[in-house]
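Have a look at the structure below before the remarks.
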Amino acid sequence: MSKILVVDDELSIRESFTLILEGKYQVTTAATGEAALKHVADRAFDLAYLDVRMPGLDGLETLRRLKTLDPRLEVVMVTAVNEVRKASEAIKLGARDYLIKPFDVEAIVKMTERILRRKALEQESSALLEERPQLVGQSEKIELVLQQAKKAASSDQPVLISGESGTEKEEIARLIHEQSARRELPFKRFSLSAGLTAAAVQARLFGRERGFTTADLQAERGLLDKVRGGTLFLAHLEYLPAKPAATAARLIGATDRSDLLTVNREIYDYFAAAIINLPPLRTRPGDLPLLIDRYLTLANRRYSRRISGFSAEANELLAGYSWPGNTLELRLLIDRAVLKAEHEEIGAAELPLDILLASGRAWGRDYTVEFEKRYIQKLRALSGLDRAGLASLLQVKPSYLE
């Protein structure tokens with residue numbers, strides 16, 4: 001039975017989701033972002049419905065931390081009409097979709113079935129889709145990284161991989177593992193976070209004995225035991241509470257922080273035997289077409305589509321964008337575009353709004369106006385409100401809706 005987490009500070013919303021989904025799915029609720037993080041740290045969920053506005057940790061920050069704890073968790077943001085922009089921002093952070101309040105039973109049921117069905121298909125086909133790790137690019141920067149990875153693979157020393165958020169840290173770690181003498185042994189990933197206590201990190205790494213509380217009824221093997229002398233990849237290394245004890249596993253750490261030496265000198269020194277710095281995507285524009293081709297091929301396979309590529313106008317916009325989220329942002333964009341594409345070629349109008357606006361050209365403004373028109377028409381149809389009522393709901397002048 002699929003496990004669903006509902007995170008909302010309103011009791012009525014949590015109860016509504018439970019009534020709608022309980023029976024077919026196993027539903028757990030949380031009133032705060034902090035409580036949601038604890039649930040996800042304790043066990044795996046398939047899908048989370050997450051409110052955008054909550055006291056304490058808001059929806060976006062909770063989303064960031066949830067995806068750090070479990071990158072495979074599907075998240076749908078639950079939002080009011082006047083917070084759709086935040087929900088759209090959440091898509092770029094890894095959310096699958098968003099749901100606008102007030103919602104009906106059928107909308108929740110259909111969205112849940114669709115997301116879980118897609119996730120099940122992806123898991124079933126993962127063995128077919130899995131490829132050897134590959135760092136795509138022909139730039140001098142990437143060639144240097146590949147040389148450093150090859151050198152690191154020839155030893156058993158810890159490795160530190162640094163780079164902006166969204167750069168290919170895990171790909172490099174897997175590449176080092178595949179080129180090393182440990183290639184036949186397991187490779188596992190552990191994402192550290194500020195929400196994990198030192199005791200929780202210790203338990204995940206080294207396991208825990210059977211206890212007497214409901215949380216400790218079963219003994220749990222640690223990740224270092226599970227890799228059996230293979231490679232353990234530690235993401236967000238800045239949150240590692242202490243230098244690791246001696247272990248038979250190969251440790252590779254990664255961080256987005258350029259100031260790790262200052263933040264945690266002990267951890268930096270332990271992993272700094274070999275340091276690999278990944279360049280941001282904006283500094284290697286010549287690699288962009290190669291990355292687009294690779295991610296498009298993978299997305300077509302994953303979703304059984306036959307999208308040929310992007311239009312010339314769309315490619316121009318992609319080439320002019322600064323990619324603050326690096327290759328992760330590019331991959332998520334292509335995944336979403338392939339899923340939603342209605343034609344074999346993806347046009348400029350199908351790109352995210354921030355890319356259109358970042359171009360500074362007329363088409364960005366034109367698409368913004370067109371997007372607003374379609375959005376307002378959809379709101380009118382869903383709400384049944386007249387122009388004055390909709391203007392009041394959106395807190396704008398009625399003339400804005402003309």
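Take the range 277-320 and flag every residue that is aromatic (Phe, Trp, Tyr) and at pLDDT below 95. Residues satisfying the conditions are TYR295, TYR303.
The single residue among ILE20, ILE91 that is at pLDDT below 90, of a type in the set (A, V, I, L, M) and either surrounded by 20 or more Cβ atoms within 10 Å (Cβ to Cβ) or closer than 21 Å to ASP335 by Cα (or both) turns out to be ILE91.
Any idea which residue in the range 1-17 is surrounded by the most Cβ atoms within 10 Å (Cβ to Cβ), counting only those that are outside any helix (DSSP H, G or I) and of a type outside the set (Asp, Glu)? Across the range 1-17, the extreme among qualifying residues is VAL7. Taking helices (runs of 4 or more DSSP H) as the structural unit, those lying wholly within the range 237-335 and holding at least 2 residues that are touching a Lys or Arg at 6+ places or on another chain (Cβ under 6 Å) and over 25 Å from GLU140 (Cβ atoms) correspond to 265-271. Residue count for the range 96-131 satisfying the condition of being modelled with pLDDT of 80 or more and either of a type outside the set (Lys, Arg) or in contact with a Lys or Arg (Cβ under 9 Å, 6 or more places away or on another chain) (or both): 20.
Restricted to the range 35-54, and to residues there that are among the acidic types (Asp, Glu) and in contact (Cβ under 8 Å) with a residue 60 or more places away in the chain, the residue that is surrounded by the most Cβ atoms within 10 Å (Cβ to Cβ) is ASP46.
The values are calculated or read from the model by the stated rules, or taken from the named source; none is laboratory data. Source: prediction; values computed, not measured. Virtual Cβ from ideal backbone geometry, glycine too; neighbours counted across all protein chains shown.
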